[in-house]
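What follows is a single structure, written as structure tokens, with notes after it.
The values are calculated or read from the model by the stated rules, or taken from the named source; none is laboratory data. It should be emphasised that the depicted structure is a prediction, and the values quoted were computed from it without experimental measurement. Here the Cβ positions follow ideal geometry from the backbone for every residue, glycine too, while neighbour counts run over all protein chains shown.
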Amino acid sequence: MDNLLNTATLIGIAHSGVRLATPYLYAAIGEMFGQRSGVLNLGVEGVMLMGAFAAYYGVFLGADPWLGVLAALLIGALMGLLMAVISVTMQAEQGISGIGLSLFGLGLSSLLLKVLVGSPISIQGFPVWQIPGLSQIPIVGPIFFDHDVLVYIAYLLVPISLFVLYRTTFGLKVRAVGQNPEAADSLGVRVNAVRYATVILGSALAGMAGASLSVGLLNIFQENMTNGLGFIAVALVYFGGWRPIGVLLGALLFSTVSAFQLWMQVLGAPIPPDLAVMLPYILTIVALAVGVKQIRQPAALTKPYERGE
Amino acid sequence: MSNERRKINSLEMIKITKRFPGVLANDQVTFDVKGGEIHALLGENGAGKSTLMRQLYGLYHPDAGEIRIDGQAVTIQSPTDAIARGIGMIHQHFMLVDELTVAENVALGMPSSRGPVLDLDRVEARIQALSQAYGLHVNPKAPVWTLAVGERQRVEIIKALYRGAALLILDEPTAVLTPQEADDLFVTLKQMKEDGHALIFISHKLREVVAISDRISVLRGGRLVDTVPNQGVTRAMLARMMVGRDVLLERAHKALETGVVRLALRGVSALNVTGQAALRNVTLEVHAGEILGVAGVSGNGQRELAEVIAGLRPLAGGSVELDGRNVSAWPPGKRTDAGLAYIPEERMHDGIVQEFSVAQNLVLQDYDHPPISRGLFLNFNAIAARGRELVSAFNIRTPSIDTPTRSLSGGNIQKLILARELSRNPKVLVAAQPTRGVDIGATEYIHQRLLEQRAQGAATLLISEDLDEILALADRIAVIYEGRIMDIVPRKQATAERLGLLMAGVAEKE
């Protein structure tokens, strides 16, 4: 047990942690935009599965992985449009319609896999791209700069989302619409248009989260391969206090715990594997119970907007 | 920049008609305002003032009639459209996003000089310029949630001016202000008027309307009663136009001999929903046969005060006594049985069950006592009998006792709550904002009933943000500010000015 946690293992865990945060980042940052505008999309899980399948199937048919990513973004946007129609225009209960979308994505992606592919085969997704120079730095290099390109883009999303949310007119509208849609409306902001935009954007990113699994991290598609990851991404938005940095820290915390748990299994640590697998989920519950500052929650979250008395 | 000053010389609304399902909200209303004029729009709640103005601001569209700006007929599609034409509106409930800064609130919905990227530095500079020009002092970098009510209103005015408003609609702007803050607002409004702005001032407070406006239009039941110049009108004339009959503005109010202490708060502290101190060391005594008024600007602990007495909010310190007994640990039901009656501020949410029938709501406090129930079972005949009795005794206008309560008007719902609470002959009555949003007729009725309770020896705590109401009814007036009782003043020594200073947190120096 003592030599289980040597330097190489620690670097390995950190490397996996950085890597495994990728789908969380795409999905949670996307979900954060929706929630900041007042829409809770619990359909992330299903969208991720559809995105993952779309990207996988593209590459399976011989397309470039980038085309696979594009397909994932498109299918994600399309499912976002569906979610927006149901929850923004038709004002359905958001929690329920999101669960519906999740189950729909799960069922459809499994069906498509059986019909179009049969039994899953590995594909050649994005290769690892060691960033020249940076990847040579001891310890830091192997942890941060030894990944495929989708991993790097995921981390770039953090400063980009900060900029969009706090420095652009679009971001200002998003924040206003999620807190006080009536006030935004009175100033000529089109509340529902903003919500459509964030839900579609968020869902496209959820599709990309799926792609980051199927053509980035794992290079395969399997039935229900997300295995609750999309729901954790929703939880991460709460955990991160609806802020990009908070979401980043949350994603890293969860991915590192997952990585730790995987490495412990691989190294044959004397921990019951079932218990180890439960770790990230237990952490989700504890973090949500202890860590969430309700006070920061967008005031109009889950509330459809209708004008006037 | 889209915020250079426009000018509106005249705006006319001609024979405007607006229908909602089952209601004719505006019936051929004609109204006009000129640049450099303050035109007051007076009327009771539900008279159609807000509906008329919402059409001017593009939130509703008239079913018939015409709007003309400087003689040109226009169609105002949306608030954006109204803003583009130089029309701004200060809503009664502020349209501000609390989490955003002042500058962000002002910039929201406006094009930025840097395209998609915000130009908050430029917005801030322009806010500074506007606030200097009109005496609207506010820090552009401050998040709105940190601002006091008066400051928020200034932000609203700046927002409109920033958008180049030449005509400003102010919907009940003084409802949330202390008398002194209202005076400051009036100074700003007069300055804007001198500057050529057209101002529409919506109100139901006669005193203010007479104080500030050049012309006054009165609406009643969706119709224009008349438009009169301010010179030569009296408050009594305006009140008659508003209500359609003579109204008692001052109430005969005999001094009564007060009895024993029925309700006492001793050093009471409590927290609000967000965990901040809402009541700090509050000590009050209310005697039998007395109305103790609690005056204060909204949000200074009034709600929490009512809730700790009703038993709906835990105490953080001190004690509450009913009839000499310490009831601090008693649940609400036990306090009710001990003779406490409670008219809650949020009547739709806390006062009734909206889906229940009128008769059911009338027995909500007695459902577990005979004759309304025996053992496990409700006695429907007794419920119906009680319903009929109270509906007629309290003049509740409802199609039947089985009507769902939510479909009643605000005034009648309040009468229903009053009937339920007062029919139990309470020893102590806590009435929170009993006439807010209620028309003058029902208000008169509620006031009468409260005075009746007083004559019968009930101890009444009247919490109200309407200073006129407090001055009309209370024997003594406690002023609450930031959860503290600033002072308790006998009514004879109370003036609006003195109370106003206390409401603003200014303690008197002897």
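Details
- Flag for B:H39 being assigned by TED's automatic domain parsing to the domain that holds B:L189 and either in a strand (DSSP E or B) or more than 29 Å from B:I212 (Cβ to Cβ) (or both): yes
- In summary, strands (runs of 3 or more DSSP E) completely within the stretch B:149-265 and bearing 1 or more residues that are surrounded by fewer than 16 Cβ atoms within 10 Å (Cβ to Cβ) occur at B:223-229.
- The residue that is farthest from the other protein chains (Cβ to nearest Cβ), counting only those in the stretch B:98-108 that are farther than 14 Å from B:L161 by Cα and not hydrophobic (A, V, I, L, M, F, W, C), is B:T101.
- Here A:F60, A:F33 are screened, and the one residue that is touching a Ser or Thr at 6+ places or on another chain (Cβ under 6 Å) and touching a residue at least 60 places away in the same chain (Cβ under 8 Å) is A:F33.
- Yes/no for B:E66 being assigned to a loop (DSSP other than H, G, I, E, B), surrounded by 14 or more Cβ atoms within 10 Å (Cβ to Cβ) and of a type in the set (D, E, K, R): no
- Residues in the stretch B:324-338 that are in contact with a strand residue (DSSP E or B) (Cβ under 6 Å, 6 or more places away or on another chain) and in contact (Cβ under 8 Å) with a residue 12 or more places away in the chain: B:V327, B:S328, B:A338.
- Elements of type helices (runs of 4 or more DSSP H) in the stretch A:159-257, at least 3 residues being within 14 Å of chain B (Cβ to nearest Cβ): A:169-179, A:181-186, A:191-211
- Residue match in the stretch B:88-106 (condition: farther than 22 Å from B:Q128 by Cβ, in contact with a Leu (Cβ under 9 Å, 6 or more places away or on another chain), among the β-branched types (V, I, T) and buried (at least 22 other Cβ atoms within 10 Å of the Cβ)): no
- B:N425, sole failed condition from (1) within 18 Å of B:E444 (Cα to Cα); (2) part of a loop (DSSP other than H, G, I, E, B); (3) not β-branched (V, I, T): (1)
- Entry remark, the stretch B:6-31: residues being away from chain A (no Cβ under 13 Å) and either touching a residue at least 60 places away in the same chain (Cβ under 8 Å) or under 22 Å from the mean Cα position of the chain (by Cα) (or both) number 13 in total.
- The set of residues from the stretch B:111-125 being of a type in the set (A, V, I, L, M, F, W, C) and more than 8 Å from chain A (Cβ to nearest Cβ) comprises B:L120, B:V123, B:A125.
- Of all residues assigned to the stretch B:442-464, at least one qualifies as being within 12 Å of B:A295 (Cβ to Cβ) and not aliphatic (A, V, I, L, M).
- Test for B:S400: is it assigned to a loop (DSSP other than H, G, I, E, B) and out of contact with any Phe, Trp or Tyr (no Cβ under 8 Å at 6 or more places or on another chain): yes
- The stretch B:464-510, residues that are part of a helix (DSSP H, G or I), more than 21 Å from the chain's Cα centre (by Cα) and either surrounded by fewer than 15 Cβ atoms within 10 Å (Cβ to Cβ) or hydrophobic (A, V, I, L, M, F, W, C) (or both): B:K492, B:Q493
- Long-range neighbours under 6 Å by Cβ, at least six apart or interchain, first residue more than 7 Å from chain A (Cβ to nearest Cβ) and part of a helix (DSSP H, G or I) within the stretch B:69-97, second surrounded by 15 or more Cβ atoms within 10 Å (Cβ to Cβ) and not acidic (D, E): B:D81/B:G58; B:A82/B:Y57; B:A82/B:G58; B:A82/B:I76
- Condition check for A:R190: touching a residue at least 12 places away in the same chain (Cβ under 8 Å), closer than 18 Å to A:G34 by Cβ and not aliphatic (A, V, I, L, M): no
For (1) in contact with a helix residue (DSSP H, G or I) (Cβ under 7 Å, 6 or more places away or on another chain); (2) of a type outside the set (K, R); (3) in a helix (DSSP H, G or I), each residue gets a yes or a no:
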site: A:F33; (1), (2), (3): yes, yes, yes
site: A:N41; (1), (2), (3): yes, yes, no
site: A:G51; (1), (2), (3): yes, yes, yes
site: A:G58; (1), (2), (3): yes, yes, yes
site: A:L67; (1), (2), (3): yes, yes, yes
site: A:L74; (1), (2), (3): no, yes, yes
site: A:M79; (1), (2), (3): yes, yes, yes
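- Residue check for B:R163: farther than 27 Å from B:K15 by Cβ and over 16 Å from the mean Cα position of the chain (by Cα): yes
- Residue match in the stretch A:116-135 (condition: part of a helix (DSSP H, G or I), under 24 Å from A:H15 (Cα atoms), more than 14 Å from chain B (Cβ to nearest Cβ) and modelled with pLDDT under 95): yes
- Restricted to the stretch B:110-148, and to residues there that are among the hydroxyl-bearing types (S, T, Y) and surrounded by 16 or more Cβ atoms within 10 Å (Cβ to Cβ), the residue that is farthest from the chain's Cα centre (by Cα) is B:S112.
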